[in-house]
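The values are calculated or read from the model by the stated rules, or taken from the named source; none is laboratory data. Please read all numbers here as calculations on a predicted model, not as lab measurements. A quick note on method: Cβ atoms are made from the backbone with ideal geometry, for glycine too, and the neighbour counts reach across all protein chains shown. Surface areas here come from the heavy atoms of the whole protein model, side chains and all, with no ligands, DNA or RNA. Shrake-Rupley method; radii C 1.70, N 1.55, O 1.52, S 1.80 Å.
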Amino acid sequence: MKFKLEYIWLDGYEPIPNLRSKTKIVDFETEPTLDELPLWNFDGSSTRQADGSSSDCFLKPVALFPDPARNHGRLVMCEVLLPDGSPHPSNSRAAISDDPDAWFGFEQEYFLYKDGAPLGFPKEGFPPPQGEYYTGVGFKNVGDVARQIVDEHIDLCVEAGITIEGVNAEVAKGQWEFQIFGKGARRAADELWIARYLMVRLCERYGVDVNFHPKPLGAEVDWNGSGLHTNFSTKHMREIGGEEYFAALMGAFSEARDEHIACYGPENHLRLTGLHETAAIDEFTHGVADRGASVRIPHSFVNDGHRGYLEDRRPNSMADPYRITGRIVQTIQSVTAQALIEDAFAA
């Protein structure tokens, strides 16, 4: 049986990569597994990943999903390799530490754009101010085609086996959000990239663009930007935790503030202003149920003895989730390792 394998990868554009993909038709007698998928090459000189004089780059399949839009189709998330088999410098997935017991929940905000403006905006000026759009209902708040796109995207993600946990209209007109959950720093980011891919590909049919910029309407206007709020926990946080460990964790996040911001998406200074449910980019704060803090602490976390998950509200909507999860795991591992050493000495 012939399978249509859509090889998907991240290009070499900076400061944030673009999704790229192409289709490979391969004959398999039975349902293919990830290990059976072949390496494939592409022209890296056309994606800012190689020079024309030596243009071959290679695609290594790392995650496999059903393709709900094609008969016998599969979506293949890939890492980019150099000809010698080593990770390409743009390969952020290969560069991060992984932890299968680290759980991540991404809240992906975005705007739907048509003809250079968010859906529902008048040809000139702005619609009525923010207020009724968040989780809004009715044509005046969400229009018609946006709801259709969002509903179809849910179906595509579910059929692809992606753990999509919810969607809602967001604070600004034309702005939406979907939530993706995943286990493991790499796997969670794989699922978010594929969910983004499915949304962008779906919007092709509607003549609509997905705008992931964190402040597409500009920093000077009173309209919300878009974030990629990242909820996270580890086995230690869920099962042991404790107030002392939490204080050490927040201390480590504060100390590594600049390193985190560097991984949380470009042009974040336009969004992290201290307004519109954000913390200031040059500060680190945390607070219970505080949406204006760098890290929001759920009531459930405190009530359960400082165990559970936390929400880092600083990543922006076009950030690379591999870099986000990798940086969060790196900071947590430094604290957890120290806690385990102290526990061992105490015993």
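Can you tell me which residue within the range 281-292, out of those that are of a type in the set (A, V, I, L, M) and in a loop (DSSP other than H, G, I, E, B), is surrounded by the most Cβ atoms within 10 Å (Cβ to Cβ)?
Initial filter on the range 281-292 (of a type in the set (A, V, I, L, M)): 281, 288-289.
Cutting the leftovers down to in a loop (DSSP other than H, G, I, E, B) gives us 281, 289.
Values: I281: 19, A289: 10.
Applying the filter and picking the extreme gives I281.
A69 falls short of the stated requirement of being at pLDDT 95 or above and hydrophobic (A, V, I, L, M, F, W, C). Note on the range 295-320: residues that are of a type outside the set (V, I, T) and under 25 Å from E239 (Cβ atoms) total 16. The set of residues in the range 171-186 that are among the β-branched types (V, I, T) and within 13 Å of the chain's Cα centre (by Cα) contains only I180.
Would you please name the residue that is surrounded by the fewest Cβ atoms within 10 Å (Cβ to Cβ), looking only at residues in the range 293-326 that are of a type in the set (K, R) and not in a helix (DSSP H, G or I)? Going through the qualifying residues, I end up with R307.
Scanning the range 126-146 for residues that are of a type in the set (G, A, S) and on the phi < 0 side of the Ramachandran plot turns up G136, A146.
The number of residues in the range 222-280 being open to solvent by 60 Å² or more (accessible area, probe 1.4 Å) and in contact with a helix residue (DSSP H, G or I) (Cβ under 6 Å, 6 or more places away or on another chain) comes to 0. Residue count for the range 213-261 satisfying the condition of being in contact (Cβ under 8 Å) with a residue 60 or more places away in the chain, among the hydrophobic types (A, V, I, L, M, F, W, C) and closer than 26 Å to S92 by Cα: 7. Quick check: is even one residue across the range 224-243 in contact with a His (Cβ under 7 Å, 6 or more places away or on another chain), within 15 Å of I297 (Cα to Cα), at pLDDT 95 or above and part of a helix (DSSP H, G or I)? Yes, because at least one residue in the range 224-243 is in contact with a His (Cβ under 7 Å, 6 or more places away or on another chain), within 15 Å of I297 (Cα to Cα), at pLDDT 95 or above and part of a helix (DSSP H, G or I).
Scanning the range 267-274 finds one or more residues that are of a type in the set (D, E) and in contact (Cβ under 8 Å) with a residue 12 or more places away in the chain.
Only one of Y113, Y133 is open to solvent by less than 60 Å² (accessible area, probe 1.4 Å), assigned to a loop (DSSP other than H, G, I, E, B), touching a residue at least 12 places away in the same chain (Cβ under 8 Å) and under 23 Å from I164 (Cα atoms); which? Explain how you work it out, then say what you get.
Numbers: Y113 fails: assigned to a loop (DSSP other than H, G, I, E, B).
Only one candidate qualifies: Y133.
Identify, please: which residue in the range 195-212 is in a helix (DSSP H, G or I) and touching a helix residue (DSSP H, G or I) at 6+ places or on another chain (Cβ under 8 Å) and is, among those, nearest to N91 (Cα to Cα)?
We begin by selecting, within the range 195-212, every residue in a helix (DSSP H, G or I); these are 195-204.
Retained after the next criterion (residues that are touching a helix residue (DSSP H, G or I) at 6+ places or on another chain (Cβ under 8 Å)): 195, 198-199, 202-203.
Numbers: A195: 19, L198: 21, M199: 22, L202: 26, C203: 26 Å.
If we take residues in the range 195-212 being in a helix (DSSP H, G or I) and touching a helix residue (DSSP H, G or I) at 6+ places or on another chain (Cβ under 8 Å), then A195 is nearest to N91 (Cα to Cα).
Among all residues of the range 99-110, there is none that is in contact with a Phe, Trp or Tyr (Cβ under 7 Å, 6 or more places away or on another chain), assigned to a loop (DSSP other than H, G, I, E, B) and not hydrophobic (A, V, I, L, M, F, W, C).
Residues in the range 156-172 that are of a type outside the set (G, A, S), out of contact with any Cys (no Cβ under 9 Å at 6 or more places or on another chain) and open to solvent by 20 Å² or more (accessible area, probe 1.4 Å): L156, V158, E159, E165, V167, N168, V171. If we keep just the residues of the range 143-154 that are open to solvent by 20 Å² or more (accessible area, probe 1.4 Å) and more than 19 Å from the chain's Cα centre (by Cα), which is farthest from E204 (Cα to Cα)? Here the answer is G143. Of the residues making up the range 33-80, those that are in contact with a Cys (Cβ under 7 Å, 6 or more places away or on another chain), free of Cβ contacts under 8 Å to residues at least 60 places away in the same chain and surrounded by 14 or more Cβ atoms within 10 Å (Cβ to Cβ) are F42, G44, Q49, A50, L59, K60, P61.
In this structure, I180 does not satisfy being buried (at least 20 other Cβ atoms within 10 Å of the Cβ), part of a loop (DSSP other than H, G, I, E, B) and touching an Asp or Glu at 6+ places or on another chain (Cβ under 6 Å). Scanning the range 8-27 for residues that are modelled with pLDDT under 95 and open to solvent by less than 60 Å² (accessible area, probe 1.4 Å) yields one hit, I16.
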